Amino acid sequence: MGYFAHESAFVDDGCVIGENTKIWHFSHIMSNCKIGTNCNIGQNVVISPEVVLGNNVKVQNNVSLYTGVICEDDVFLGPSCVFTNVINPRSAVVRKSEYRQSILRKGVSVGANATIVCGYEIGEYAFIGAGAVITKPVKAFALMIGNPARHKGWMSKMGHKLHFDETGHAKCPESGEMYFLENEIVTCLSDK
């Protein structure tokens, strides 16, 4: 076993968990989950069956990840954020065959207490503000805040708000990487 699980954590059968991943107090990893290497699963986290987490995913305390959630590498999930997997839940109606996927692409950050309504893709390096409620797809590098969440700008890979000049170019103040905005699509020029 190349991962660490606190003695109060439960890891059900059929899970695949990568090396150097840490699972902390009172967390429950349910059956058939796939969790990559170097992940950190905080205290009191529930990861439902068949959830997929890439490498270096950080899940802070009190997060609920339900079946249908897929997080690519380097995703950050802030404290107490929540994911849904049924669009119209009713206690008396069984809708397990209607679970919808939520896909978080590489490098996404989700702030504390945000809610991700199921069925949407969040583009790479998007930044979901604390308390935001996502009710539609999110573009790569987009900054989303509010309830319902609205697009309020663009973020760099390092998590800095980008300020585009009249030619559509912006520079990350931390990394120096250059970005280009055209037709509401941001491209990191160093990725080309």
Query raised in the report: Cα centroid distance between segment 128-154 and segment 1-66, in Å?
Result: 26 Å
Report summary line: Non-local residues with an amide H under 5 Å from the amide H of residue 53, with H modelled 1.01 Å from N and Pro and chain starts lacking one, are 34, 35, 36, 71
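Using the crude model of +1 on Lys and Arg Cβ and -1 on Asp and Glu Cβ, and no other charge, please compute the dipole size for the chain relative to its Cα centre, in debye to 20.
Values: 17 positive and 18 negative charges, 112 e Å.
The dipole of the chain has a size of about 540 debye.
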Query raised in the report: Considering only the chain, what is the antiparallel percent among its DSSP beta bridges, to the nearest 5?
Result: 25 percent
Query raised in the report: For residue 94 and residue 177, FRET efficiency with R0 = 45 Å and r from the beta-carbon atoms, rounded to 0.05?
Result: 0.40
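State the three equivalent ellipsoid semi-axes of segment 4-155, derived from the C-alpha gyration tensor as the square roots of 5 times its eigenvalues, in descending order and whole Å.
Values: eigenvalues 111, 69, 34 Å².
Each semi-axis is the square root of five times an eigenvalue, giving 24, 19, 13 Å.
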Query - Positive-end residue of 40, 128, 92, charge dipole of the chain with Cβ unit charges - result: 92
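The numbers here are math on the coordinates, done by the rules we state, and not lab data. Given the structure is predicted, the values throughout are model-derived calculations rather than measurements. FYI the Cβ positions are ideal-geometry reconstructions off the backbone, even for glycines, and counts take in every protein chain you see.
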